[in-house]
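These notes are about the structure you will find just below.
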Amino acid sequence: METFRLLPTANCLGRVTEEDLELSGYKVSAGSVLICHTGIACRDERNFRRANEFRPERWLNEEKSQTASNATFLVAPFGVGRRICPGKRFIEQVLPVILEYTIKNFDMQVVKPMELQFEFLLSPKGPTSCYF
Ligand code: HEM
């Protein structure tokens, strides 16, 4: 959850409005393209304390109750609603297995930290350098 909060592959979601809406006082006409930048919301101190720090414990026990009540909608790496990613359940099952297998069986060394670029999706900027 914490990794997806700070480094979501899809750090924004797009929608086309079907009808006229008013959102937080803004009039939005039908047919508008809305970009919900969850990546920015996830690094906003109004939503998460010490927002730029990697702190998995924020999702656990007492700390969990202090985490924003809308946090599960802000951290939406697979989207939400009708167009939610159909691969979500599959990935949630295989990703922990792949990670555990890799970490337990290999000694990974990162030669150079990966740089990221925003291309609607968050993607590696250039080749990534690491060895096992
Ligand atoms: C870590 C892996 C993955 C991530 C982070 C991811 C993320 C996403 C996101 C953010 C969306 C847009 C959801 C929305 O607009 O609300 C999406 C849509 C979609 N994903 Fe994934 N996805 C992943 C893996 C997969 C896999 C494994 C499959 C297929 C086996 C898949 C198939 C799709 C399809 C077909 C859509 C379009 C759904 C629609 O528009 O109705 N995804 N995904």
Inset, instruction - Tell me which residues come under 5 Å, amide H to amide H, from Leu122 once H is placed; ignore anything under 5 positions away on its chain. - result: Ala10, Asn11
Inset, instruction - Report the residue, chosen from Gly25, Gly14, Gly39, that carries the largest GNM mean-square fluctuation when the chain is represented by alpha-carbon nodes joined by springs under 10 Å. - result: Gly25
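Glu100 to Leu121: extension gain in nm, 0.36 nm per residue of separation minus the Cα-Cα distance?
Computed gain between Glu100 and Leu121 is 5.0 nm.
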Inset, instruction - Compute the long axis of helix 88-105 from its Cα atoms, compare it with the longest principal axis of the Cα atoms of the chain, and write down the angle in degrees, 0 to 90, nearest 10. - result: 20 degrees
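With each run of n ≥ 4 DSSP H residues scored as -39500 (n - 2.57), what mean residue ellipticity at 222 nm is computed for the chain after dividing by its residue count and rounding to the nearest 500 deg cm²/dmol?
On the way: 5 runs with 38 residues, N = 132.
Computed mean residue ellipticity for the chain: -7500 deg cm²/dmol.
When a/c reaches 1.5 or more, the comparison of a/b and b/c decides; with that in mind, is region 86-132 rounded, prolate or oblate per its Cα gyration tensor?
Details: a/c = 4.27, a/b = 1.07, b/c = 3.98.
Verdict is oblate for region 86-132.
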Legend entry - Cα-projected label distance for Thr9 with Lys64, points at 7 Å along beta-carbon direction, nm: 2.6 nm
Inset, instruction - Calculate one ³J(HN,Hα) per residue across region 55-62 by plugging θ = phi - 60° into the Karplus curve 6.51 cos²θ - 1.76 cosθ + 1.60, and present them in order as whole Hz with x for glycine and proline. - result: 9, x, 5, 5, 8, 10, 6, 4
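By how many nm would the segment from Lys27 to Asn52 lengthen if fully extended, with 0.36 nm per residue of separation less the alpha-carbon distance? Show your work: numbers first, answer last.
Values: separation 25, 0.36 × 25 = 9.00 nm, distance 3.17 nm.
Computed gain between Lys27 and Asn52 is 5.8 nm.
Quick note: the coordinates plus some simple rules give every number you see, no bench work behind them. Note that this is a predicted model, so its numbers are computed, not measured. Heads up, the Cβs are rebuilt from the backbone with ideal geometry, glycines too, and the neighbour counts pull from every protein chain shown.
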